[in-house]
Structures are given as structure tokens and as C-alpha cells.
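Nothing in this text is a laboratory measurement; each read-out follows from the coordinates by a stated rule. Keep in mind that what you see is a predicted model, and the values were worked out from it rather than measured. Cβ sites come from the backbone with ideal geometry, for glycine too, and all protein chains shown count toward neighbours.
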Amino acid sequence: MPPPRGTVALAFTDIEGSTRLWERLGDRFAPVLARHHALLREALGAAGGHEVKTEGDAFMVAFSSAADAVRFAFLSQEALARERWPAETGEIRVRMGVHVGAPIVVEEADGRVDYLGPMVNRAARVAATAQGGQILLSTAAWEGAREALAGAHVRDLGEFRLKGLEGAERLWQAMPAALAGRTFAPPASTAPRPTNLPAPATTFVGRERELRELGGLFTAPAPRLVTLSGPGGTGKTRLAQRLGAELLDQFPGGVWFADLTEARDAAGVAHAVAAALGAPLSTTQPPARQVAAMLAFRPPLLLILDNFEQVVDAAPQTAGSWLAGSPGLRILATSRFLLGLAGEQEFALEPLPSPARPDGDVTPAGIAAFDGVRLFLDRAREVRPDFTLTASNARAVATLCAELDGMPLALELAAARLRIYTIAEIVERLADRFRVLASSRRDLTTRQRSLQGAIEWSWSLLAPWERAAFAQLCGFRAGFFLEDAEAVLDLSGFPDAPVAADAVQSLREKSFLRAAVTPRGVRFRTDLSLRAWGEERGRTEPALGAGEASLRRLAAWMTGRAEGWAEARGEGIIEGLDRLSLERENLLAVVERALAAGDPSTAGRAALALERALAIRGPWDLRVPLLSPVCAALPEGPLRVRVGTELARAFVSSGRLQDAAKVMRETLPAARTCGSPRALAETLRAATNITYAVGDQAGSLALAREMGSLSAAANLPDVAVWAAIGTAGARDAMGESRAAREEIAAALQTAPADLPLDVVAWGTFSLGILTSSVSEPAEAIRLMDKAATLWTRLGCLHLSARARGSSARFQLRIGASERAMETIRSTIDDLRHAGDPQGAIWSILNLAEVLKRLGRNGEALVRARESEDLARRSDLPRETQDALSERGFILLRLDRLDEAEAVFREAEALAGELKEPARLARTQTGLARVLQGRGNLGAALDLVRSALSHYEDSGNRSNAAAVASGLSSLLLALRRFPEALEAAEKAIRYYGETGERSLDLPAAGMRIVALLEMAKPAEAVAAATQSLGRPDLLLPQNFEHRCDFLITRAAGLRALGRETDARADDRAVLDAWRAWSGEP
């Protein structure tokens, strides 16, 4: 049955004593549990229900009507009672509960549905109150199922207060007639306590942690006064009322709620409390003293004083005096300001947990558990009962909750706007939040009807210097430390203003600032809506001193600090990156404001400092939007060269090579004349990488050599390492792997000890690649693991994952294929989480390659298609072309020539658009194999020769080796054996030069075949014997090659008249086959 929506009947079930049974029986309980599941699922099908989820022995099931839910419960209990259970378990008794209501519906893209919200909590509590074998119904379920209960045994058990729920719930026991004889003890309940807590007008959502921690405070002997603080709209009143309901059992004298909204002095506070207690006051004594006398003679009670902020001056005469005279009194005050009394413990109420601003895919399941989302969805259903969290609106909901900082009042006001707006329209209008977030409800106070009203009330209670301090501090978008405030605040225009530290403390005590203890000290921040208010006041009220002068002070301070962090060396770079990442939003604001103010120099300096962290830690999609407008605004000079260089690098990271090359064509000439060796060195480094990426290894090598010369002349040791890395990459592609490795190893050994860790990591990574190229996989794995560790320490998770992916490729070479696959799978998840689609695509293609080498071509094809889909979604044309080519080669292995040709044709067109010969050459080799499979050998030969010529001309020995191997195969088919022999030997030589000897087995086999066909059996036998002596032939994935070598050697031996030796090879082939297949 599809999951029901709207009004839903939910049933919860679980086995009584299941934990004890598991502990006593262990694995023997598993079949019992399986039988239990089968019986309940059979009943569920008969009743037309939907299984929402199963956890252990507990079921959550949903029905479109209460009658169906009750029928399921009856059928289940009857089936459980009929079952013959093992003697060691005895009868399995299952408790069941049913409740009806309108839950929050969360719908995933795959159609799966979950239910959340207070209705679900109530259904679970009803079930938890039942005993094994008993069915309990809420009043809503009983009313909805009356007709289905005809003939059943139904009892009204009365009203009970269920744990964690506000208000009493009337429970009904319903049993099928066959089980009417079962008897149960009455549900546990508590004696009523006196209270005036108002009946809740809305459901209570979330705040489980706060309720638990606050409850713990009132369970302990102290403190006796707790102030629940926070700015307006954070839900202080609602939380206090809910806590009072949960604590009611602990206070014989009851829980009493006094609303101080209308109070203006101590007498007003006393009158509000007396009214709450239901005790009239006389005119003969001061009101506060009369209330003190009342409280002194009452049993221990909890007094909730709501909205204390406007009468904090009256706290000593009221709350302070009452606590002193009444030992059994506990007070919970809600206030935007602290009361300032001895023994007061503050509980600062944070906004509801909400998703971060989404920068990737958002799923309903990924955000549904956030309290902010749950509150919005619950209130949205009050306005639009059909509102459901779906894959199509999840991003908008997440954005809304993030932009409103999880503030309950703002979320409720936004939900109310669903009467006239869609969720997307509300998000679009959040820039004007103070107008949009308003309510027309007449039962709310002025402060509760709009976000503006809530903040205006608190603002009106601040001193002028407090308003100025807050407006100036709103320039920090991501929070600040006290030293930052001291550098930026200027309150000289207010004679009564204190020093900056006292100003910050005052704003903190009045809930305009929040404080969090961090390893670097106490960090202060404000809520997004409060900050928007402060920024607006700063723009419109010049007297607050929050205008251009204040923002210039902030920009100068933050830019100077950021430049220091960006220049950190050695281990200090980790702290520098941490600080840059922490201050990212502040620095982005500095750049934005500086550009708007016509100060591109400050914008450039701040952007370059922040780019240091973005390039290593991300998020990478911020880099181009940050740097591009800055570069355009800067005049010619070293700063523009540096920004242009980083912009080119950012384009490379986003897969936009042509844009990178264009920027570099403009930047490199300027770098050569700017007079800054450091700027020129960084530009040469970027140009080296870009030139290499477009397939020009010779040009890349020349630029790297120039960089090396500059590093020596200008004494730039870190640049020397970068030059060695650039040189090594080009030389490796040109077949000079061993010399390249020696060069980069020497550069690392002679580098100073304070070399930045990211340079060390890149050097180690490059050294690992080169070590693999010279066939030392174990050492290559060690180096890659070291690079991964360094990048992890730097917080660069995507490069750490890439290093682990390379390590996995090397693991494959030593036969650790399963370990390699697990490593690559973990890198895919990490790269997706890090927001690095290029890295994820690369890792998925690596996994496809591993699967292909293991002969698991079907799985490899799935992975290739997955990488292609991700590349297309990410708008990465080069990665799309790579994935298409890989998919084509896998289709060739599956002999699906028509599909392979279509894929290769698309890859060919894309390579042409990209204007990259290397990609075109790879595609041509694939098309050649298609043509070869169809017998069109001449056309195939032309394509292969063209591809080989390109790779040889560009110095790319690795790809040239693979194409030469394919050329040999094609020439064998054409029976042009001398040319085939020449091509095979070329492939073997190229593989040797690049250190990829493990890949030359097919070429070695073709060399032997060519020799046999050329009537050179002695040379063929010698070549086969040499290949059979290789250790890598014993690896499982090389089984077929081993058999081929034995077969061809046997042919050569027979040609030489050595029949006995040939038969020995025949037997070896048969034995190898039996061992591999497991046949006798």
C-alpha cells in the first residue's frame, strides 16, 4: 500500500522483554524475531497498511484510517497468540498503541516516506504505555475506529499524563473478542499537582537537549534561580511552559506561570505573581512583601516569571527577596536581560538547530531531523495541511531555516506566509524579512506579531552607547573575538560609554550577542535577523558611528590579520588556515564592501589571503566569484598579477581550462615586468600546470625550468620545490620518470625545515606518483599515505582522498585488489562530501578501471556511467569526455560495438569542441577498435597511427605505449607480422621507460605471436620463457596472460621438434585452469 497522507493512523509495536531475550539467547533469538516479523507483516498486508520503518523488534506502520490500524492490531495479536513459540522464549507478548493525527510528511526522491512531529511522538508514547499483549488507543484513534470495534472488548482506562507530553491523554484498551480474557495492570500515572500553566495553543517541537539540561538543573539542589535568556523570538516562553509541565511531578506546591508583559515595577511583578497563584492582595502592605509571605508557607514550588527584561531593576525586591525568604521556592525566569542576582544561573537559549546554507544537493532525509525544519513543517501544516517536505522543495526549506538562523518566531511567521506565497517565493523575499515576516493573528502581542516588533522591543531598552556598539559590531558577519571588538569599536562620541570589553559584556548580558568558548578564546556572534537589524540601523542612523569609517577600521584590521595567517610557514600553516576558515564570511564581507567603496587594493589583499584557505580547504565554488570581480577592478601592477594568477588556478580547479589559459595569457607578460620575483614565480607555477593540463608537456617543462632558475636567483626555496614538481610531471609524461623522481627527491631533501606543509604534501604526492612509475609500488603506497596524512592535517580532505585513491591504484599492482576497491569507494564518499566533483569523478573512474582489470566489466560499466552522470550534472566537459571514453572502452570489452561507437562518436565531438588533441587521440583509439571488430582494418589502422603519432610527438610515453600495443594487435590481424613485431617491441619499450611494466603483458604476448608467424620459433620460445618468469604473472588477474604464454611457448616448442616440452606446457595450462576454476 502506498504511504497515506493527510490524516494518518499510526501504530507502534515492540516485543516486551526483547532485550532480556537477546541477552539470554543470543543468536537463537534471531529466528524467533524473524517469525515475529513475518506474522506482523502478514497482518499488515491483510489490513492494507504501510510499513514505515522497522528497528530491531519494533514496527512503525501507517494506515489511512483508524479502523484499519485497529484491524492490524487485532490480527497481529491473534496470530501471535496462536503461534507455538519455543519453550525457551515462552509466549512472545507485543505491546501496541494506535493514535490518529496529521504528521509531518517527509518524502524522498525515491518515493520513500517518513513521518515526523508531535503526532508521531504521541503515538509512540501511547504504545510505550501498553504492556505486552495489550492494545491501547488514544481518544482520537478510539473515535475514528468505533465501527471497527463492534464486538471487541473495549475499556475506558481514564486520563493519564504520558511522559514527555503536554496535557493528559484519555486511553482506551481494545482487545479482539478471542483475547478478551487477558488482564493488565492499569497504566502508570501520577497524582495531579496544582498549576496554572496555560493550555498550549500549538504543539511543542524539538528542544529535547534543552529540556534535558534544564530539567537536570531543577533536579539538583542548586541553583534556585535559573534565567532562560535569549533575544526575542527564540521561544523562551514556550520552552519554559513545556519544562514546567515536565517538572510538575517534582513540586508538591505546583508549577505557577506569571506573565510580566504588563509589569513596569516591583508592584507590577508582585500583582502578576499573585494573580498566577490565585491569591488576592490587600492594600495594607507592599505587594512584593505580601507575595513573599504567601510563598514562605507553601510547599516547594516552581515559579516561572516570564518576560522579566523590562523590570530587571525590580529583581532584588521581588525574585531576590522571595528566594531569600522561601527555602522551597525555585524560580525560572525568561528574560532578554540577565537579572543580576546572586546565585543566578544563566541558560542561554540558542536558536533551533537548522541546516547550513545549502551549497550542494539537499535531500528531505538530510534536513528533516533538524529542529528548525521540524518546527517550520509543523507550523506549515497548520496553514496548508497538504504541505510535505519533498525532494523538490527541500533546498528551499533548508535555505529558509538557515537564513532565519533557526529562530522559532521567524520560522512560525514564515510558515504563516504560506497562505499567500510558495516556499520559494518566501525565500526570494527574505532580503526584506522585516516586512515579510509578520502575522495577522489577533491573539498575539505586538512583539509577537512581527520579527520587527520583537527586535524593536529589545532595541528600545538599550542605552545609546549600547546601540552604537551593537551597530558597529554588526560589521562582523561571522562573529569576532574580544581583541577584534577592541580594534574596531569607537564609542568616543558617547561620554558614558565604557571600554570595549564592558560594552561587549553588556550586549552579551542583554542577549544581543551570544558567546561560545573556543580553543582561541571566547567568540561572540549575533543572530542573522538581529545583525540585519543592526546593519540597517547603522546605515540609517549616522550617530551610531557604524558607517564607512567603522567599516574601514574593520577592513584594515581583518585584512592585516588575514595576510599574517596566509603567510604562515611550516606547522604554523595549520593555525593560519584554521583562522582564515573561521573568518571566511568576515573576509568575504571585507572584499564585497571594499569593491563597493572603490577600494580594489583592500579587496585584492583580503581576497588573496582568503584564497590561501579556499584553495586548500574549499569551498572551491567560491574561488572564481571571489577573485574575478577583484581582478577586473584592480589596476596594472603586482597585486593584479597575483590575483590574476590565483584566478587562473581557480578556473583550473573548476574545470575551465580555456578560461584559465586566457587569464594566463594576460597575466604572464605582466608578471615578467611587474618587478616582483614572488609574483612572477607564482604565475610561472600556475602557467606550468595549465600548460601541462592542455597536453603541452614540452611547454610545461620549459616554464618549470624557468621557475627553477628564478627560485635560485631570488632565493625562494618553496618555489624550487614547486619547480621540481612541475618539471617532474612533464618529464614523467615524456618517459623520463627515474630522472624526474631524483630531481623532486633532491628538492625536498634540500628544502628548509619551515617549508609550508602544503608544499611538502604536494612534493610527497608527486614523488609517490614517480616512484610508482619506476615500479616501486610498496614505496609509492607509503608516500601516498604520507601525503594523505599531511593533507588531512591541513584540512584538505579532497586532496587527502585523491592521495588515498592513488594509493589504491598502486595496491592493485601488488595484488591487493579488494583493499584497493574499498579504499577507492571511501575516497568517492569523501570527495562528494568535500564538494569536489572532479575528484569524485576521478575516483569513480579509478574504481571502474579496477573493476575492468578484474574482469568485472558489468560493474565497471555502471561506475563509468555514474561518473559520466556526475560530470554532466557538474557541468564539467573534460570529465564528461573522460567518462564517455572510459564507458566506450568497457563496452568494447563487452563486445557491444554499436553502443561503443555511439559513445566514442559523442566523445570525439566533445574532444573537438575542447580543442585538446590528447583527448581526441584517445577517442580515436577506441573508434579504431570498433572498426577492427567490424573487420574494417584499414580505417582502424589509420586512426591508430594518427593517435600514436600524437602521443609520441607530445612526449606522452604512457599513452603511446598503450596505443602501440593496440597497433600491434591490429597489424597481427592484417598479417603484417614484421610491423606488428615492431609495434609490440615499441610498446614494451615505452612501458619500461614509464615504469609501467605491469601493463605490458598484452604487448609481450603479441610479440611472441609475431615471432611465431615470422617463423622464428627459437626467439618466440625465449621471449615466452622470459615472460613466464615474471612474478606478476602469478596474480589472479593475470591468469589468462599466463595461459596465453604457455600456449604460445608450446607452439614454438613443437616447431622446434620439442614435443615433450610442449606437452608439459599443455599440462601446465590444464592444471592452471583447474586451479583457477576449482574444477577437479
Place a label point 7 angstrom from the Cα of residue 53 along the Cα-to-Cβ direction, then list the residues of region 354-372 whose backbone nitrogen is under 16 Å away. 363-371
Quick one: Cα centre-to-centre distance for region 138-155 and region 220-281, in angstrom? 40 Å
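Given DSSP loops and a limit of at most 13 other Cβ atoms within 10 Å, what is the longest stretch of the chain that contains no such trypsin sites (Lys or Arg not before Pro)? Spell out each step's value before the answer.
On the way: sites that count: 84, 112, 146, 163, 264, 441, 442, 520, 915, 934, 975.
The answer is 521-914.
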Can you compute the modelled spin-label distance between residue 666 and residue 220, with each label point 7 Å from Cα toward Cβ, in nm? 6.2 nm
Give me Rg over Rh for the chain, both radii from the alpha carbons and Rh done the Kirkwood way, two decimal places. 1.06
Kirkwood Rh (inverse of mean 1/r, distinct Cα pairs), region 1015-1080, angstrom: 12.1 Å
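For the chain, what is the calculated [θ] at 222 nm in deg cm²/dmol (nearest 500), taking -39500 (n - 2.57) for each run of four or more DSSP H residues and dividing by its residue count?
Values: 49 runs with 651 residues, N = 1080.
Calculated at 222 nm, the ellipticity per residue is -19000 deg cm²/dmol.
Residue 35 to residue 543: extension gain in nm, 0.36 nm per residue of separation minus the Cα-Cα distance?
Net length gain for the segment: 175.3 nm.
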How far apart, in nm, are two points set 7 Å out from the Cα along the Cα-to-Cβ line at residue 20 and at residue 738? 7.5 nm
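Want the number for residue 185 to residue 146: 0.36 nm per residue separation, take away the alpha-carbon distance, what's left? Each step should come with its number before you reach the end.
Working: separation 39, 0.36 × 39 = 14.04 nm, distance 2.39 nm.
Separation in residues times 0.36 nm, less the Cα-Cα distance, equals 11.7 nm.
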In terms of Cα to Cα distance under 13 Å, which aspartates and glutamates are near enough to residue 986, apart from those fewer than 8 places away along the same chain? 952, 1000
Using DSSP H assignments, which helices in the chain have an axial alpha-carbon span of 15 Å or above and a mean Kyte-Doolittle hydropathy of 1.6 or higher? 266-277
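Normalising by the residue count of region 553-632, find the relative contact order in percent from Cα pairs under 8 Å and 6+ residues apart.
Values: 82 pairs, mean separation 25.2, N = 80.
The value is 32 percent.
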In nanometres, the difference between 0.36 nm per residue of separation and the alpha-carbon distance of residue 46 and residue 1066 is 360.8 nm
Length-normalised contact order of the chain, Cα under 8 Å, at least 6 apart, in percent, tallies to 5 percent
Distance in nm between residue 463 and residue 202 label points, each 7 Å along Cα→Cβ, equals 3.6 nm
How long is region 462-545 along each principal axis, judged by its Cα atoms, biggest number first, in Å? 36, 26, 21
Mean separation of Cα contacts under 8 Å (6+ apart) over length of region 218-348, as relative contact order %: 39 percent
Tell me which lysines have Cα within less than 26 Å of residue 53's Cα, excluding those fewer than 8 residues away on the same chain? 163
